[in-house]
Amino acid sequence: MAENTEFVKGASLWRDAWRRLLKNKLAVFGLVVMVFMVILVIVGPPILRLTMGFTADYIPADGELIKSFPPSLEHPMGTDEAGRDLFARVLQGGRISLMVGVISTIVSLIVGVSYGATAAYLGGRIDNVMMRIVDIIYAIPYILIVIVLLSVFGGPNTPSWIRSMAETFGGVGNQGLAQIFLLFFALGLVSWLTMARVVRGQVLSLKNQEFVLAARATGVSTPGIIFRHLVPNALGPVIVYATLTVPSVMLTEAFLSYLGLGVQAPYASWGSLASDGVKNIAIFPWQLIFPGVTMALTLFSLNFLGDGLRDALDPQTRKF
Amino acid sequence: MLNFIIRRLLIIIPMALLVVTLTWTLVRIAPGNFYSTERKLPPAVEANIKKKYGLDRPWYEQYGIMMWNIVRLDFGDSVRYQGQSVNEIIRRHLPYSATIGLLAYLVALVVGLAAGIIAALKQNSFWDYGSMALAMLGLSVPNFVLGPILVLAFALGLYIFPPARWGGPLSLVLPVVTLSAIYAAYIARLTRAGMLEVMRSDYIRTARAKGLDETTVLLKHGLRGGIIPVVSFTGPALAALLAGTVVVERVFSIPGLGNIFIQSVLNRDEPLILGIVAFLSILIMIFNLIVDISYGFLDPRIRYE
């Protein structure tokens, strides 16, 4: 019986947040667009292959067709210079872009939360040293760290666990995919710093608050305090910040692709498609517009969703 | 206060040296080097190159020599751009990045503050939603997409501004607008949140209660507290702007420092990398110090011991 009441109480925190989120029209818009986008990039490519015969790297055998055509009924987003259907490439690129966003954020979440919580929990001199290390890494341009990580562990030096992950998805000897998996980790390893600060700040402010004292006074056990009182309160900002990390990582990937360091052919991401499109902007504007707008719409929705989640989940900033 | 400033200034030196050390380690861990090309060099040539740049010595000696040079602010010569010192390269390319960076931040500050204040004062109105949606758009469009679109519309379409190159104030408009978009968006959001919080605080009620007119309450009392998040954002943003103008430099063919830095990393031009990293990290820390000092002027409740 006691177990049961606890469960109901625990659920109401999230149900409350969910109710508040649904009231926020912009956040709902973001959520709907994201769900639609995820379904589209998952089921889109196989449907397109079965109905029209287009894949992301399908080049028509007819030499007349190997040029960039503007959008038409057959190719809703037009074709690229090699005659490949841009819609198929944007869908395929969406898989990579969304995966970069989500997996890199998970990596940064794992590193950042454990680092920040450890620093705040141990406190004192260890906390001081750990946070100065964060300050120093902040001062190194992240682009340098990414380039070094990509070149140290790229090519033949790719760690075998990354390679076997890539092989699970893309077949044996798939170096292009291994490179993309490496990118997930490189981006994750440069975006955990703010997360560590957020978590540390949360744990620091929470561990001395009255409600923790009250809980201790009424005899709640230490794990009980941590999991029933501290974690739910710290989780809000973490989820919110994670939602906002996804678009920022996707932007960073696009920037790296623009510099020629990100996703390489034959794979594509929205960033690499858009940066290819930039080169031909005056002649074939659709090559930039479709990947660019798709990416901007996705980031737009993710940002609105992140904002909405902050209002719904973070009681501290939910004032207005 | 003076004590605080001196202490913070002194701590910049070891911090910058640590940053340089870490960067040096990163560059050394990475495989490859500045002299290797597609073709393998004859062993004698390679040995001579190593000797010339002191690469034949043990790593701790190389590290010691590097640190000693940096302490004396002598970053040496670029190994890629023959015969040019790192200091010279930075001095030559920094003005371009600094000009568009500072202008872009000024534009972002004016636009962002105005939009943020209006949004906060007319909360939940058309102006609030409109400016926040625009800000969100600014955060969502990559600048390498925004830049070319602006060029297409205003340079190649309407012939108002030159599409690229450096020369004359008109040529600055498109790069500055491109660069400032994301910062204006950030500042607008920070200002709105900060103002909303401050305008509900007790000291604003006190200011109104003693009969000050709304403009004074808003500008003298509200804004000072409300822009504190913007001030915190300014330090890192300015530093990023001075170096992080790579995309804009490439889109508009501007010979700035950002592109030089990316090239130096790709070329493994160690002296140039270390020089730029040392320069930027000191700049970041000085900006952060100025930001911390200015808190005290903005919010009298903040004191430094």
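For peptide B:87-100, how many partner chain Cβ atoms fall within 10 Å of a residue's Cβ, on average? Each step should come with its number before you reach the end.
Values: counts 0, 0, 0, 0, 0, 0, 0, 0, 0, 0, 0, 0, 0, 0.
Partner Cβ neighbours, averaged per residue: 0.
Taking the Cα centre of the stretch B:182-305 as the origin and placing charges on Cβ (Lys, Arg +1; Asp, Glu -1), which of B:LEU212, B:GLY225, B:TYR295 is farthest toward the positive end of the dipole?
Checked the options; the winner is B:LEU212.
Taking the simple approach of a point 7 Å from Cα along Cα-to-Cβ for both B:GLU214 and B:LEU106, what is their distance in nm?
Modelled inter-label distance: 3.2 nm.
Average the reciprocal distances over every distinct pair of alpha-carbons in the stretch B:194-294, invert the result, and give the Kirkwood radius in Å.
Roughly 16.5 Å, rounded to one decimal.
From other protein chains only, count the Cβ atoms within 10 Å of every residue's Cβ in A:298-304, then give the mean.
The mean count of partner-chain Cβ atoms within 10 Å per residue comes to 4.
Skipping prolines and chain starts, which residues have an amide H placed within reach, meaning under 5 Å, of the one on A:THR79, given they are 5 or more residues away or on another chain?
A:PHE69, A:LEU86
Could you work out the mean count of beta carbons from other protein chains within 10 Å of each residue's beta carbon in A:131-138?
Shielding by partners across A:131-138 averages 3.
Can you find, among B:ALA108, B:TYR96, B:PHE75, the residue sitting farthest towards the positive end of the charge dipole of the stretch B:1-118, where Lys and Arg contribute +1 and Asp and Glu -1 at Cβ?
About the Cα centre, the residue reaching furthest to the positive side is B:PHE75.
Taking just the C-alpha trace of the stretch B:122-219, give me its Rg and Dmax in Å.
Cα radius of gyration and Dmax of the stretch B:122-219 are 19.1, 57 Å respectively.
Within chain B, what is the number of lysine pairs with alpha carbons under 22 Å apart, leaving out pairs fewer than eight places apart on the same chain?
5
So, by mean Cβ neighbours within 10 angstrom, what's the order for B:140-153, A:267-280 with the highest one leading?
Numbers: B:140-153: 22.4, A:267-280: 24.3.
Answer by packing, highest mean first, reads A:267-280, B:140-153.
Taken together, the values in this text are just the output of simple stated rules run on the coordinates, not laboratory data. What you see is a predicted model, and the numbers here were worked out from it, not measured in a lab. Using ideal geometry, Cβ is built from the backbone for each residue, glycine included, and neighbour counts are taken over all protein chains shown.
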